[in-house]
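The values are calculated or read from the model by the stated rules, or taken from the named source; none is laboratory data. No experiment lies behind these values; they were computed from the predicted model shown. For neighbour counting, all protein chains shown are included, and Cβ atoms are generated from backbone atoms with ideal geometry for every residue, glycine included. These area figures cover heavy atoms from the full protein model, side chains too; ligands, DNA and RNA do not enter into them. Shrake-Rupley method; radii C 1.70, N 1.55, O 1.52, S 1.80 Å.
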Amino acid sequence: MVMANPRNACVEALVRWEKGTELADAILHGAQEENRFSTLDRALFMEIFYGVIRFRRMLDFLIGKLREEETDSRTRQSLRMGLYQLLRTRIPQHAAVNETVETAGRGRSLVNAVLRRFLREENELRKSLDQAPLGVRLSHPEVLVTRWTRQFGEGDTAKLCEWNNRPADILVRVNELKVSAGELMRAGGVEQTEFHRLMLKMEKLPIPWIVSGLCYVQDPSTLMSCELLAPQPGERVLDACAAPGGKTSYLAQLMKNEGRIVACDVSPERLARMRENLERLSVTNVEVKRADWLKGTADFKEKFDRILLDAPCSNTGVIRRRVDVRWRLSGDDFTRMPEVQMGFIRNLSGLLKPGGALVYSTCSMEPEENDDLARRVEREAPELKFREARRTLPFRDGVDGAYAALFTRN
């Protein structure tokens, strides 16, 4: 197979992303399977693809300064790609311009002219960008900037947007079912995080460790809900929205592989992936089962000591990792999602033993999905008593945004 041109592949992937509803991660993985890249070209493809999506609004602001007329989709993606390389990478200017121009097809002369004009006017354009509104300068949609400014203030909103624009560190959780943190620390190239003793920061992805189940890639914030649930060895636990299994495997670790966990998801594909992950991590106390909680709980006859509901949410706490979330959200999502989340809680509360514990968690930072919903639970599901809530905020804690609320059943 002939080596693919990473910039051509990137333009195709960006056009596909903008025209459709597919997630960026899915498009990237598909493009990597369809094209043969060298190691360096694969890294370049990922850098430009994710970078253009992250900085889309900022790049379009600059394109608007350089050209007033509309362009076709492919030409616009080539312009974004070229400007991103000139602004955000160390690629030599001549290579960034010349290689990008070759991706533009019929728009080559236009792309060449616009990129060279940017180089002539770069200082003035950078000053104009520095004076632009926060959402333009840091490339976030107004719906999020407005919400966050109201909630956190402009200073912390700017810090949050800057956090979202940085690629995520490589962080792994030590799988104590197989190895200790000390043993992995002695391997070198590893740094223990301040947030949690089991979380290690890596210089590069530790493929051999992952394949052998010694660790699992996840953010430290994901451990918070499991520890708030505090499952004990020998108990019966339901992980209601479990795939791909990161939290499930940590619950098993906390339970020392004793007792029973029922781990559910609605997607057969995600369930299959979870089975593979749990087997690799040597988790032995989990039954994997398909469930659609919005359709009820008729297939579940047993009661559980503890339930973890890691609910579907807006994902605003993990935009750093899910680069296209910011552009897929609308104001309606913050009204729609709480209704879905409340539906899950209503159905699941009946599966909890008297005196049992339920933890509701999200990777959202929005009050409608977090504290507001916790108060609503007490009004609409009076059998559940609110006990406490915990949260992480990227600009404060240096980890992804997350929320967890503990309830007990009367």
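Here the scattering of segment 260-358 is modelled by Debye summation over its C-alpha atoms, one equal scatterer each and no solvent; at q = 0.19 Å⁻¹ the log10 of I(q)/I(0) is -1.12. Accessible area per residue for the chain is 46 Å², calculated with a 1.4 Å probe on protein heavy atoms, without ligands, DNA or RNA. Label sites at Arg321 and Ala298, each approximated as a point 7 angstrom past Cα along Cα to Cβ, lie 3.5 nm apart.
Each Lys and Arg contributes +1 and each Asp and Glu -1, all at the Cβ; summed about the Cα centre of segment 301-410, the dipole is approximately 320 debye. Charge dipole (Cα centre; +1 on Lys/Arg Cβ, -1 on Asp/Glu Cβ; no other charges) of the chain amounts to roughly 280 debye. Between the beta carbons of Glu279 and Gln93, assuming R0 = 41 Å, the FRET efficiency works out to 0.25 to the nearest 0.05. Spatial offset of segment 145-181 relative to segment 81-111 amounts to 31 Å, using the alpha carbon center of each. What's the angle, to the nearest 10 degrees (0 to 90), between helix 73-88's Cα axis and the longest principal axis of the chain? On a 0 to 90 degree scale, this one is about 90. Annotation: for a label point projected 7 angstrom from Cα along Cα→Cβ of Glu380, residues of segment 303-336 with backbone N closer than 11 Å are 336. The value of relative contact order for the chain, using C-alpha pairs under 8 Å at least six residues apart, is 12 percent. Entry note: the chain has Rg to Rh equal to 1.01, where both radii use alpha-carbon atoms and Rh is the Kirkwood radius. I need the Debye-formula profile for segment 177-327: one equal scatterer per C-alpha, no solvent, reported as log10 I(q)/I(0) at q = 0.09, 0.18 1/Å, two decimals. Taken in order of the listed q values, log10 I(q)/I(0) reads -0.31, -1.19. For the Cα atoms of the chain, what angle does the longest principal axis make with the long axis of helix 24-34, in degrees from 0 to 90, nearest 10? With both axes taken from Cα atoms, the answer is about 70 degrees. If R0 is taken as 45 Å, the Cβ-Cβ distance between Asp60 and Met185 corresponds to a FRET efficiency of 0.50.
Against the empirical 2.2 N^0.38 Å (N residues), segment 1-101 has a Cα radius of gyration ratio of 1.03. Judged by the ratio a/c of the largest to the smallest principal axis of the C-alpha gyration tensor, segment 54-114 counts as oblate, that ratio being 1.5 or greater while a/b is no larger than b/c. Averaging the Cα positions of each part gives two centres, and for segment 236-275 and segment 193-223 these lie 18 Å apart. Taking 20 °C and 1.002 mPa s as conditions, segment 155-220 diffuses translationally at an estimated 168 µm²/s according to Stokes-Einstein applied to its Kirkwood radius (Cα pairs).
The angle between the Cα long axis of helix 268-280 and the longest principal axis of the Cα atoms of the chain comes to about 70 degrees, rounded to the nearest 10.
Summarise the accessible area of the chain (1.4 Å probe, protein heavy atoms) by the percent that is carbon and sulfur. Roughly 48 percent of what the probe reaches on the chain is carbon or sulfur. Within straight-line reach of Lys19, meaning a Cα separation under 29 Å, sit the following lysines at least 8 residues removed in sequence or on another chain: Lys65. Applying 1/(1 + (r/R0)^6) with r as the Cβ-Cβ distance of Glu162 and Lys289 and R0 = 35 angstrom yields a FRET efficiency of 0.25.
Across every pair of non-identical alpha carbons in segment 127-251, the mean reciprocal distance, once inverted, gives a Kirkwood radius of 17.4 Å.
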